[in-house]
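The values are calculated or read from the model by the stated rules, or taken from the named source; none is laboratory data. Keep in mind that what you see is a predicted model, and the values were worked out from it rather than measured. Cβ placement follows ideal geometry from the backbone for every residue including glycine, while neighbour counts extend to all protein chains displayed.
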Amino acid sequence: MRPIKLILFDLDDTLVHFDDYYEASVKDTFKSHFFTRDMNIDDLYGVFDEVNRALVQKLDSQQISIDEFRIKRFLFSMERVGKMTDVDTALEFERLYQRVAKSNMKPNEGVNKLIAELKDFYQIGVITNGSKDWQYDKLQAIGLNSVFPKDYVFISGEIGFEKPSPEIYHHVLRSSSVQSDQVLVVGDSWINDVMGPIQQGMQAVWLNKKNQAPGGPGPLAVISELEELRKILL
């Protein structure tokens, strides 16, 4: 196995964590959005979160796309509380949610310091599912927008394929001119960030913050905090 040349970080729940902004942002959006501001926000959040979790499973198994996920979680939530609405309202809610969520995301000084250190020894980048503008907004909010070279920011909405489709990893290899075993993917999703890359000959480090059980070939390492990469890679 050749030395690692390129380290690609997942974004959602790896560089930026849902638990840091998600609940507050959803509730703030409910309070501001014209369709939901007169509803019981706590009860509505409970329904929304339950729908969100169910749809995340479908998203992870590629039964729905990221765009379908964002629309359906609002429509299905409203349906459950007896409020019928439409796609345009769901999209408006999502746009408002993204603005609110971005304001609630904060840089992690420890992680940003680690990435700056890694950049001295490796090529670094991002591989993430999502829309181009929204994922770049997140990178900007956490202070990493200018750290990763644009050529090494791989976003499914821009490429046309989502993790764990082989095509997105093939695109990485074509774009970076490195061999598959010289690429290391770091992320929280066992399917997207471990199994997907390994099946394409890449290496992987699993960020297992929730102490889940693995389900296949072992990655290079399993960590619970990104800062643990310092001992592994530096």
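One table, with the values for the structure above:
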| quantity | calculated |
| --- | --- |
| Unique match (being modelled with pLDDT of 95 or more, more than 30 Å from residue 119 (Cβ to Cβ) and in a helix (DSSP H, G or I)) among 58, 72 | 72 |
| Tally of residues being within 15 Å of residue 112 (Cα to Cα) and either in a loop (DSSP other than H, G, I, E, B) or not aliphatic (A, V, I, L, M) (or both) across the range 14-37 | 3 |
| One residue from 190, 206 being at pLDDT below 95 and at negative phi | 190 |
| Selected residue (only one of 30, 74, 18, 48 is more than 22 Å from the chain's Cα centre (by Cα) and free of Cβ contacts under 8 Å to residues at least 40 places away in the same chain) | 30 |
| Whichever residue in the range 148-165 is acidic (Asp, Glu) and surrounded by fewer than 17 Cβ atoms within 10 Å (Cβ to Cβ) and, among such residues, is nearest to residue 136 (Cα to Cα) | 158 |
| Members of the range 177-206 that are buried (at least 16 other Cβ atoms within 10 Å of the Cβ), in contact (Cβ under 8 Å) with a residue 24 or more places away in the chain and of a type in the set (Val, Ile, Thr) | 178, 183, 185, 186, 194, 205 |
